[in-house]
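Everything below concerns the one structure shown next.
The values are calculated or read from the model by the stated rules, or taken from the named source; none is laboratory data. Note that this is a predicted model, so its numbers are computed, not measured. Note that each Cβ is placed from the backbone with ideal geometry, even for glycine, and that neighbours are counted across all protein chains shown. Ligands, DNA and RNA are stripped out before the accessible areas are found, and what is left, the full protein with its side chains, is counted by its heavy atoms. Shrake-Rupley method; radii C 1.70, N 1.55, O 1.52, S 1.80 Å.
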Amino acid sequence: MKNKILNGDSIPNMPWQDKPQGCKEVIWRYSENPVIKRNHLDMSNSIFNSAVVPFEGGFAGVFRVDDKARNMELHAGFSKDGLNWDINEDKIVFKTDIPEMARFQYGYDPRVVFIEDRYYVTWCNAYSHRPTIGCAYTYDFKEFVQLENAFLPFNRNGVLFPRKIDGKFVMFSRPSDSGHTPFGDIYISQSPDMKYWGEHRHVMGPSRGWESTKIGAGPIPIETDRGWLMFYHGVLTSCNGYVYSFSAALLDINEPWKVLKRGNEYLISPQAYYECVGDVQNVTFPCANLVDAETGRIAIYYGCADTCTSLCFTTVDDVIDYLDNHSQV
Ligand code: BMA
């Protein structure tokens with residue numbers, strides 16, 4: 001391994017397939033995609049844009065499950081191998097002593113990260129039917145305690161860094177509007193306590209063709225000796241609607257609003273059948289990555305066509321090599 005992962009765990013049992021012979025891509029798809037199909041649960045219309053972390057020697061996750069009435073809910077799930085998932089039929093019912101937060105209306109696009117002593121969940125949370133960033137924590141994926149929303153509506157794609165920086169929690173977000181927002185830049189906000197957020201910093205806005213409409217943070221950023229490695233989605237507006245692809249960037253370790261490298265091209269765009277066809281065509285939307293600190297292997301969980309959940313693979317060295325040779329900030 002050329003590049004080092006900092007503060008990472010070794011996850012020898014994480015899902016993995018070697019790069020297929022002759023493959024010239026930086027990121028390659030799992031041959032058995034999708035790993036979670038739309039009808040994985042009897043009650044599900046679709047399961048996608050979901051978050052997975054190592055847990056008790058296996059894996060746990062928070063899944064976006066749209067039911068057959070098309071309610072958008074969050075469900076917990078468990079797996080020994082990261083591939084075969086036991087997802088609860090019942091949605092997560094958050095506990096909270098904040099009455100204003102107790103009126104859960106809908107939630108989607110969760111992210112999960114372990115910080116210090118617990119797992120934090122962030123998601124797009126409806127507050128007065130207006131989306132913003134919901135926050136909660138859990139120790140066991142059975143009981144979830146909801147905290148204050150991080151920001152005012154409208155906001156989406158809240159993604160926490162895996163450790164405090166300069167004593168503060170750090171979160172990406174993407175201020176938006178009430179609908180299928182036709183704009184969007186990535187920002188960083190900081191908090192001493194997961195309650196009061198400030199010191200907002202602009203990170204980056206849409207730039208290249210593939211992401212010319214809007215961009216948003218994806219999985220939890222990965223700490224490396226070259227900086228924070230992050231995957232982010234970008235949206236192009238075609239004559240046939242939005243196209244969601246994703247790529248990578250490297251951010252400064254201490255001041256992560258400073259972009260060091262940024263991929264010129266997408267690394268995955270909707271090209272496989274299950275990414276192009278579904279409830280919303282042409283969507284690849286990454287929400288989680290498992291990273292093995294020993295080997296630098298990365299497994300990315302991404303939602304496909306707002307319908308099912310798939311996996312793709314790369315390594316820290318593959319992505320940083322790409323950024324070293326194909327970056328314009
Ligand atoms: C975004 C979010 C995502 C979804 C995407 C494509 O605004 O709602 O959950 O995957 O649109 O429909």
Study note, to complete from the structure: Taking the range 41-166, the equivalent ellipsoid from its C-alpha gyration tensor has semi-axes in Å, biggest first, of 21, 19, 12
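Could you calculate, for the range 215-264, the ratio of the Cα radius of gyration to the Kirkwood radius, expressed as Rg to Rh?
Across the range 215-264, the Cα-based Rg/Rh ratio is 1.08.
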Exercise for review: Sort all Cα-Cα distances of the range 179-246 into consecutive 10 angstrom bins from zero, then give the percent of pairs in each bin up to the one containing the longest distance.
Suggested key: 19, 41, 30, 9, 1
Check your understanding: Accessible area per residue of the range 58-172 at 1.4 Å probe, in Å²?
Key -> 42 Å²
Exercise for review: Kindly provide the trypsin sites (Lys or Arg not before Pro) of the range 3-32 that DSSP labels as loop, not H, G, I, E or B, and whose Cβ sees at most 16 other Cβ atoms within 10 Å.
Suggested key: K4, K24
**Study point:** Spin-label proximity, F55 to the range 301-320 - amide N less than 16 Å from point 7 Å beyond Cα toward beta carbon
**Key:** 301
Review point. Excluding ligands and nucleic acids, what accessible area in Å² is computed for C239 using a 1.4 Å probe, to the nearest 10?
Key: 150 Å²
Study note, to complete from the structure: Taking r as the C-beta separation of E255 and D177 and R0 as 30 Å, the FRET efficiency to the nearest 0.05 is 0.55
Study note, to complete from the structure: Heads up, the range 179-321 by the C-alpha gyration tensor (a ≥ b ≥ c square roots of eigenvalues; a/c under 1.5 rounded, else a/b over b/c prolate, else oblate) looks oblate
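If you take the square roots of the eigenvalues of the alpha-carbon gyration tensor of the range 68-123 and sort them as a ≥ b ≥ c, do you get rounded (a/c under 1.5), prolate (a/b over b/c) or oblate?
Taking the square roots of the gyration eigenvalues as a ≥ b ≥ c, the range 68-123 is oblate.
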Revision key, fill the gap. Inter-part gap, Cα centre of the range 59-86 to Cα centre of the range 16-55, in whole angstrom, is 13 Å
Exercise for review: Ratio to report: Rg/Rh of the range 28-325, with Cα atoms as the point set and Rh obtained by the Kirkwood method; give two decimals.
Suggested key: 0.92
Review point. If ligands, DNA and RNA are left out, what is the accessible area of K19 with a 1.4 Å probe, given in Å² to the nearest 10?
Key: 70 Å²
Review point. Listed here are the pairs K91/K142; K2/K214; K164/K258; which of them are more than 22 Å apart at the Cα?
Key: K2/K214
Point to revise | the range 189-270: chymotrypsin sites (Phe, Trp or Tyr not before Pro) in DSSP coil with no more than 13 other Cβ atoms inside 10 Å | key: Y196
Exercise for review: Mind pulling up the Rg/Rh value for the range 2-81? Radius of gyration and Kirkwood radius, both on Cα.
Suggested key: 1.04
Practice item. Report P(r) for the range 109-154: all Cα-Cα distances, bin width 5 Å, range 0 to the bin holding the largest distance, values in whole percent. Key: 6, 24, 29, 23, 12, 7, 1
Practice item. Calculate, axis by axis, the spread of Cα positions in the range 114-254 along the three principal axes, and write the results as whole Å, longest axis first. Key: 46, 42, 29
Point to revise | Listed residues R130, R208, R70, most fluctuating in the chain (Gaussian network, C-alpha, under 10 Å) | key: R70
